[in-house]
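Accompanying notes for the structure given below.
The values are calculated or read from the model by the stated rules, or taken from the named source; none is laboratory data. Quick caveat, the model's predicted, so the values are computed rather than measured. Heads up, the Cβs are rebuilt from the backbone with ideal geometry, glycines too, and the neighbour counts pull from every protein chain shown.
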Amino acid sequence: MHLLSGDDVTVAQGWGGDWHTYTEVLDNAFVLDLGVSLFTAGNTEFSLSYNSRFSDNCESHGAWLRIMMKF
């Protein structure tokens, strides 16, 4: 992933008059999303997903198991 901008992004958030800001430094990142259906039978499906982001300033990972039943 490459954001075509040379500026950082500053976000301001407020709640009840109390405001906070933070700045995210834009950089190059490698983003990975993987998913696989583990089991499908009738109206039930089990699937597993994983996502990650690797960049100069941060690294994040996430995974989840999804169970879907159709009625």
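The residue of region 17-38 that is modelled with the highest pLDDT, among those that are over 25 Å from residue 58 (Cβ atoms) and exposed (fewer than 10 other Cβ atoms within 10 Å of the Cβ), is 36.
Applying a threshold of 6 Å to beta carbon distances and a minimum spacing of six or more residues, or different chains, the list of pairs starting in region 55-71 at a residue that is in a loop (DSSP other than H, G, I, E, B) and ending at one that is of a type in the set (S, T, N, Q) reads 70/43.
For region 48-57, the criterion of a residue being of a type in the set (A, V, I, L, M) and exposed (fewer than 11 other Cβ atoms within 10 Å of the Cβ) is satisfied by no position.
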